[in-house]
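Trainee: Below are the C-alpha cells for one structure; questions will follow.
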There are 2 protein chains.
Amino acid sequence: MTQQVVIKEVAARDGLQAQPKHLTVEQRMSLLVALAQTGVPELEIGSFVSPKAVPQMAGTDEIAANLPPVDLAYSALVPNMKGYELAVQAGIRSHAIALAATEEMNQNNIRKSLEETLVMGEDILDRAAAEGVAVHAYLAVAFECPYEGPVSESLVLEQVDRLMQHKPARLVIADTIGAANPAAVQSMMQKLVDRYGPDQLGCHFHDTRAMGLANVYAALQAGVRQFDASAGGLGGCPFAPGAKGNVATEDVVMLCESMGYETGIAMPNLLDAVALLSDMIGAPQGGRAHTWLTKQCA
Amino acid sequence: MTQQVVIKEVAARDGLQAQPKHLTVEQRMSLLVALAQTGVPELEIGSFVSPKAVPQMAGTDEIAANLPPVDLAYSALVPNMKGYELAVQAGIRSHAIALAATEEMNQNNIRKSLEETLVMGEDILDRAAAEGVAVHAYLAVAFECPYEGPVSESLVLEQVDRLMQHKPARLVIADTIGAANPAAVQSMMQKLVDRYGPDQLGCHFHDTRAMGLANVYAALQAGVRQFDASAGGLGGCPFAPGAKGNVATEDVVMLCESMGYETGIAMPNLLDAVALLSDMIGAPQGGRAHTWLTKQCA
C-alpha cells in the first residue's frame, strides 16, 4: 500500500545558477557527492548553457565526466539543440528543457516567440526519442508570468497537449516565480492526471510566497507523484532571509513522509548536504522547517 | 459567488502568552487597537487565568473594560468555570475554552482526567447557553499529543460528537503542537463538515513544521471557513528564527485571497500591526511570506 514520491534534486542546477557566489567545479562535485548520498533517485548536475550567460554552470561537462558512482538518474538542463548535443557528448542521457508558456516571457528571456520555442522543444523531443535520450519538458511560468500576469489554464493545457504528442519522458508544470496557489495547482494537475496519468507528469514549485508545501499537497491530491525540490531551498537570494527559492527538498520529504509516502531520502544525510551548502555559499541555507528538522535529527 | 473566510486573530492571547517578554497592559491595548484596525472580524483579547500561572495575561479585565470601539467580536480564553465567571463580570460575551483530547495531556497539564475535563467543558457550555454567552470549544492536541503521540481520529470524532450535544457556538479542532499533516486534516475535517456543516467548525493550526498553510488549504478543501491565526506568526519562541508559533495571519490571508476567498483584512494594516509587535517584543516577527508581503505592500 506504500506510495512512492519521486524527488528530483535540483539544488546543483536551479539552486546554484541563481547564486551571486559562484562555486568552483570541485565544490559543485562535493555537493553532488553529498546529494547523491541522500538516497534521492534523480539528481540534476548542472546545465549546458553558455558560460558567458550563466558562469555558475561553467564546467558542467567536467562534472558529467566525474559523477559519483551511485545508482541514480543524473540529468542536465539544456537550453536548445546546441546544449542537447553538448550534453549527449558529455555522456548525459537524461535532459531537461524549459519552455516558457507565455509569449512575453519567451520574447524577453530568449528573444524567441512562443511558437518558435515550442517548435524548438518539439525538435529536441523528436531527436531525443530517436536517439534514446530521456527528456523532461518543463512548461515554465505555467501559473503566472512576470510580464503577462496570470496565465490561463487552457493555454497551458493546450501546450501540454501539443508537447505530449512528442513523447517527453516527463512533462513538468513549473511555477517559476512562485506565484501559484494550491487551488490553481489542484485544478490544473487534476485535469492533466486525468488526461495523461501520473507517470508522465511532474511539478516544480518555488516557495517565494511560502505556499510551496501547500502546492505540493494540492498536486499530491491531484495524483502527481514526481516533484522537483532543492536542498536547503536554494534558489532565491541567499542573503535575504525569507526570500526563498525552490521548495526545499527537506520540507517536501517531511510533508510526504508525514502523510505516509516514501521518498527514499535519508533526512540526516540531506541536512548534511544543506550544511555543506551553507558553508560553500557562506550564508545559512535551509527550508521552512529547518529549525524543527535540525532538532529532530540532532 | 464570493466565499468568505472568517479569521479569529489570536496574537494578543495565544501569541503573547508564550513570550518570555511580558507586555504591559498599555502595550497590549496598543496591539489590540492596531489589530482591530486590520478589519479582522474576531479578536481574542487575552485570557482570564491566574496571573501567577500566566503573568503575560494579567490585567485582561482592565483590557476588557477599555476595548477599541470597533464593530467586531471580542473574545477571551477561560480555563474553567471561575474564568468563565470573571470574563462575564468583565463584560465579555464570547469565550474560548480549551479541552485537551488526550488523557495524558490533561493529567500533565491541568491534573484532571480527560473525563473530568470533558464534564467541565460541558458544564461551561450548558451555563453559557443558558446565559446567552457564545463559547468556542477547542479540542487541543487533536492530531498529536506531546505525551501520547498520534491521536486517533475516532477518539477526536467521539469527543466532538459529545461536545456538540452541548451546542458550542463553534467547535475548533486545534493542532496545538504543530504536528498535523494536511492529509490527516482533510480526512478529519471532511468527516466533521459532513456531519455538522461548516458554520459550527473552525481550525487552529501551529506552524512548527512549516505545514501550517498546507493544513489550512486541506481544511478549506474539506469546507472549513473559520480559522484562528496570529499576526506575525507569534506564539513560538521569538528568538529562534524558524521556530514558528501559530500560523501567521498574513500568510493565511495571502493564501485565502490568492484563491479568491475574502477575509476583509487589509494587508498593509496587518503588517503595521506586525511591525508594532516586533517593536514591543524586541525581535522581528513575521510569517513565512514576510519578505514577499512586505515588498508587495511597500
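The values are calculated or read from the model by the stated rules, or taken from the named source; none is laboratory data. Source: prediction; values computed, not measured. Virtual Cβ from ideal backbone geometry, glycine too; neighbours counted across all protein chains shown.
Trainee: What number of residues in region B:220-237 are closer than 22 Å to A:V185 by Cβ and within 11 Å of chain A (Cβ to nearest Cβ)?
Mentor: The number of residues fulfilling the criteria is 2.
Trainee: Where the second residue is at pLDDT below 95 and small (G, A, S) and the first is within 15 Å of A:D175 (Cα to Cα) and lies in region A:150-162, which pairs have Cβ atoms under 9 Å and are six or more apart or on separate chains?
Mentor: Partner pairs satisfying both residue conditions: A:P150/A:A179.
Trainee: Can you give me the number of residues within region A:273-298 that are hydrophobic (A, V, I, L, M, F, W, C), in a loop (DSSP other than H, G, I, E, B) and surrounded by 16 or more Cβ atoms within 10 Å (Cβ to Cβ)? Talk me through it step by step, then tell me what you get.
Mentor: Of the residues in region A:273-298, the ones hydrophobic (A, V, I, L, M, F, W, C) are A:273-277, A:280-281, A:283, A:289, A:292-293, A:297-298.
If we keep only those that are in a loop (DSSP other than H, G, I, E, B) as well, we get A:283, A:289, A:297-298.
Then drop every residue that is not surrounded by 16 or more Cβ atoms within 10 Å (Cβ to Cβ), which leaves A:289.
Looking only at that region, the number is 1.
Trainee: Considering only region B:119-141, I want to know if a residue exists there that is of a type outside the set (V, I, T), loosely packed, with under 15 Cβ neighbours inside 10 Å and touching a strand residue (DSSP E or B) at 6+ places or on another chain (Cβ under 9 Å).
Mentor: no
Trainee: Let me ask something else about it. How many of the residues making up region B:175-187 are within 20 Å of B:N106 (Cβ to Cβ) and buried (at least 24 other Cβ atoms within 10 Å of the Cβ)? Break it down into steps so the answer makes sense when it comes.
Mentor: Within region B:175-187, the subset within 20 Å of B:N106 (Cβ to Cβ) is B:175-180.
Keeping just the survivors that are buried (at least 24 other Cβ atoms within 10 Å of the Cβ) gives B:175-176, B:178, B:180.
So the count comes out to 4.
Trainee: Kindly list the number of the only condition in (1) within 14 Å of chain B (Cβ to nearest Cβ); (2) in contact with a Ser or Thr (Cβ under 6 Å, 6 or more places away or on another chain); (3) of a type outside the set (V, I, T) that fails for A:G212.
Mentor: Here A:G212 clears every test but (2).
Trainee: Let me ask something else. Evaluate the following for A:H206: is it more than 14 Å from every other protein chain (Cβ to nearest Cβ), farther than 22 Å from B:A183 by Cβ and not polar (S, T, N, Q)? Show your work before the answer.
Mentor: On the way: more than 14 Å from every other protein chain (Cβ to nearest Cβ): no; farther than 22 Å from B:A183 by Cβ: yes; not polar (S, T, N, Q): yes.
So A:H206 fails the test.
Trainee: Consider region A:23-39. How many of its residues are more than 13 Å from A:V70 (Cα to Cα) and either small (G, A, S) or modelled with pLDDT under 95 (or both)?
Mentor: Qualifying residue count for the region: 1.
Trainee: Being within 19 Å of B:P79 (Cα to Cα) and among the acidic types (D, E), is that true of even one residue in region B:128-140?
Mentor: Yes: one or more hits.
Per-residue answers, yes or no, for (1) aliphatic (A, V, I, L, M); (2) more than 20 Å from A:T176 (Cα to Cα); (3) surrounded by fewer than 19 Cβ atoms within 10 Å (Cβ to Cβ):
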| site | (1), (2), (3) |
| --- | --- |
| A:E9 | no, no, no |
| A:R13 | no, no, no |
| A:A18 | yes, no, yes |
| A:Q27 | no, yes, yes |
| A:L32 | yes, yes, no |
| A:L43 | yes, no, no |
| A:G46 | no, no, no |
| A:V49 | yes, no, no |
| A:T60 | no, yes, no |
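Trainee: Looking only at region A:250-270, count every residue that is within 14 Å of chain B (Cβ to nearest Cβ), more than 19 Å from the chain's Cα centre (by Cα) and without any contact (Cβ under 8 Å) to a residue 60 or more places away in the chain and tell me the total.
Mentor: Final tally of qualifying residues: 4.
Trainee: Go through region A:76-110 and give me each residue that's basic (K, R) and within 24 Å of A:P41 (Cβ to Cβ). Let's see the steps before the verdict.
Mentor: Pass one, region A:76-110, residues basic (K, R): A:82, A:93.
Once the filter is applied, which keeps residues that are basic (K, R) and within 24 Å of A:P41 (Cβ to Cβ), region A:76-110 yields only A:R93.
Trainee: Can you name the number of the only condition in (1) modelled with pLDDT under 95; (2) touching a Phe, Trp or Tyr at 6+ places or on another chain (Cβ under 9 Å); (3) buried (at least 24 other Cβ atoms within 10 Å of the Cβ) that B:L234 fails?
Mentor: So the condition that B:L234 fails would be (2).
Trainee: Okay, moving on. When region B:134-146 is examined, which residues are found to be part of a loop (DSSP other than H, G, I, E, B) and either closer than 19 Å to B:P182 by Cβ or modelled with pLDDT of 95 or more (or both)?
Mentor: B:V141, B:A142, B:F143
Trainee: The conditions are (1) at positive phi; (2) within 17 Å of the chain's Cα centre (by Cα), and A:G223 fails exactly one of them. Which is it?
Mentor: For A:G223, the failing item is (2).
Trainee: Further question: Would you confirm whether or not region A:156-167 contains a residue that is at pLDDT 95 or above, basic (K, R) and touching a helix residue (DSSP H, G or I) at 6+ places or on another chain (Cβ under 6 Å)?
Mentor: Restricting attention to region A:156-167, the residues satisfying the condition of being at pLDDT 95 or above are A:156-167.
Within this subset, residues satisfying the condition of being basic (K, R) are A:162, A:167.
Restricting the remaining residues to those that are touching a helix residue (DSSP H, G or I) at 6+ places or on another chain (Cβ under 6 Å) gives A:167.
Checking region A:156-167: at least one residue is at pLDDT 95 or above, basic (K, R) and touching a helix residue (DSSP H, G or I) at 6+ places or on another chain (Cβ under 6 Å).
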